[in-house]
Amino acid sequence: DSTVKPPPLPLGELRPADFRYRALFDGVLDTLVNHLPSRHGDFAYDYGDSPGYATDVLLAAHQTESANEVLQRERKLLEWPRPRDFDEISFGARAFFAALDQPETFPSDQAEAALRRYMLLSGTFAMADRYYMDWVDWFTGGGGYEYGPTVIGAQIAQSQLRFARAFPKQRVGWLIDPAAVGRALVDAAGREVWDDSLHIYRARPKSDEVWLLPNAMMILALLQTHALSGDASYLERAEAVAAGLAPLWDEARGAYFASSAQTGPDGYLSLSTNSYAALAFHRLAAATGKQPYDERAKSILDFIQRDLYGDGILYHHVYRGHRATGDIWCSGCNWRVLSILREMAGS
């Protein structure tokens, strides 16, 4: 019976009772688990980015049946990937890493096999595209949503590097060395789109607009490369990018504008890009021990809770001083914020 709600979630295991973002966390979690339509692991109102973040939260909340539906759907997508699936299976790789972290909930061999298929597919694409993903960007329509080659490369790099940490010194097939592929993707972005005068990564070559999303994604990839290689230059570059984002900072709201073309009193601040930035600054704080990075992450999340939260969901953006309403929201971003908050609550 689709009207029967799942049992209450063990919220105390996901966040402390005095958690700074408790109201947001509990409200959004209730909406996503008890009110969001889904079918066989496919969530409504998303853009292919729900699976990895949802699985992380659902497994932690012992909602194994719902999580397993997502994992089985992602396995099927990986068996016969098509260009229009590429963005979803890239996000979906996170689901299998979450399953590896909790092996009692999903067979580890199945999770590893699915990850290997994705590493082989994305690693082959990366090698064929000379590690800067402009061909894949064109072929998949920017990963499906005009993200641009810098974002696509950073996303693939993060999965390759995470696999390399989970399975040290293991190749996928005879061709793919995930640690080398991940580092090559990060280095290629440095060659192709790094602006040394502004300390930012361009979304694509010859683009004059400065975007938050590719730079937040590159900070995350740089931090992973540093953690895996021990090379301090990657941490230094991550800090340089953090400083380079200063022109996008909206002091009044305590968050970032989406791009340099969307600043000012009538500017555009989005949930998607700011959630990535919050995670990037949270992990920068963990990697460096520098309190200002932690304060920046919390400022962004304060903005999200204050200006984007309402009616049990996080709305998509603030534009011209007004919060989006109605159906202008996406489940993927809401799952991602819960996943980020769970990471912060546990650190």
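The values are calculated or read from the model by the stated rules, or taken from the named source; none is laboratory data. As the structure is a computational prediction, the values presented were derived from the model and not from experiment. In this analysis, Cβ positions are derived from the backbone assuming ideal geometry, glycine residues included, and neighbour counts consider all displayed protein chains. Heads up: the accessible areas ignore ligands, DNA and RNA and are worked out on the full protein's heavy atoms, side chains in. Shrake-Rupley method; radii C 1.70, N 1.55, O 1.52, S 1.80 Å.
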Unmet requirement for residue 205, which otherwise passes all of (1) crowded, with 24+ Cβ neighbours inside 10 Å; (2) within 18 Å of residue 134 (Cα to Cα) | (1)
Only one of (1) farther than 15 Å from residue 119 by Cβ; (2) in contact with an Asp or Glu (Cβ under 9 Å, 6 or more places away or on another chain) does not apply to residue 171, and that is (1)
So which of 174, 211 is surrounded by fewer than 20 Cβ atoms within 10 Å (Cβ to Cβ) and aromatic (Phe, Trp, Tyr)?
-> 174
Selection count where residues are open to solvent by 10 Å² or more (accessible area, probe 1.4 Å) and assigned to a helix (DSSP H, G or I), scope the range 218-231 | 6
Conditions: (1) in a helix (DSSP H, G or I); (2) over 23 Å from residue 75 (Cβ atoms); (3) touching a residue at least 12 places away in the same chain (Cβ under 8 Å); (4) of a type outside the set (Ser, Thr, Tyr). Residue 209 meets all but one. Number of the miss?
-> (1)
Considering only residues that are touching a residue at least 40 places away in the same chain (Cβ under 8 Å) and touching a Phe, Trp or Tyr at 6+ places or on another chain (Cβ under 7 Å), look in the range 252-266 and name the one that is farthest from residue 300 (Cα to Cα).
-> 259
Those residues that are open to solvent by 10 Å² or more (accessible area, probe 1.4 Å) and not polar (S, T, N, Q), I need them from the range 331-347; list them, please.
-> 342, 343, 344, 345, 346
Answer yes if at least one residue in the range 69-82 is within 19 Å of the chain's Cα centre (by Cα), under 14 Å from residue 118 (Cβ atoms) and either at pLDDT 95 or above or not aliphatic (A, V, I, L, M) (or both), and no otherwise.
-> yes
Conditions: (1) more than 21 Å from residue 224 (Cα to Cα); (2) open to solvent by 10 Å² or more (accessible area, probe 1.4 Å). Residue 279 meets all but one. Number of the miss?
-> (1)
Residue count for the range 289-308, restricted to those that are open to solvent by 40 Å² or more (accessible area, probe 1.4 Å) and in a helix (DSSP H, G or I) | 8
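Yes/no per residue for (1) among the charged types (D, E, K, R); (2) not in a helix (DSSP H, G or I):
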position: 73; (1), (2): yes, no
position: 106; (1), (2): no, yes
position: 115; (1), (2): no, no
position: 131; (1), (2): no, yes
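With the requirement that a residue be open to solvent by 30 Å² or more (accessible area, probe 1.4 Å) and under 22 Å from residue 316 (Cβ atoms), what does the range 34-72 give you?
If the condition is that a residue be open to solvent by 30 Å² or more (accessible area, probe 1.4 Å) and under 22 Å from residue 316 (Cβ atoms), then 34, 35, 37, 38, 42, 45, 46, 47 are the ones that fit.
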Counting only residues that are in a helix (DSSP H, G or I) and of a type in the set (Gly, Ala, Ser), which one in the range 1-30 is modelled with the lowest pLDDT?
-> 12
Working only within the range 55-69, note down all residues that are among the polar types (S, T, N, Q) and more than 18 Å from residue 93 (Cβ to Cβ).
-> 63, 64, 66
Is at least one residue of the range 232-250 open to solvent by 40 Å² or more (accessible area, probe 1.4 Å) and more than 20 Å from residue 195 (Cα to Cα)?
-> no
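If you check 198, 185, which single one turns out to be open to solvent by 10 Å² or more (accessible area, probe 1.4 Å), in contact (Cβ under 8 Å) with a residue 24 or more places away in the chain and either of a type outside the set (Gly, Ala, Ser) or not in a helix (DSSP H, G or I) (or both)?
Exactly one of 198, 185 is open to solvent by 10 Å² or more (accessible area, probe 1.4 Å), in contact (Cβ under 8 Å) with a residue 24 or more places away in the chain and either of a type outside the set (Gly, Ala, Ser) or not in a helix (DSSP H, G or I) (or both), namely 198.
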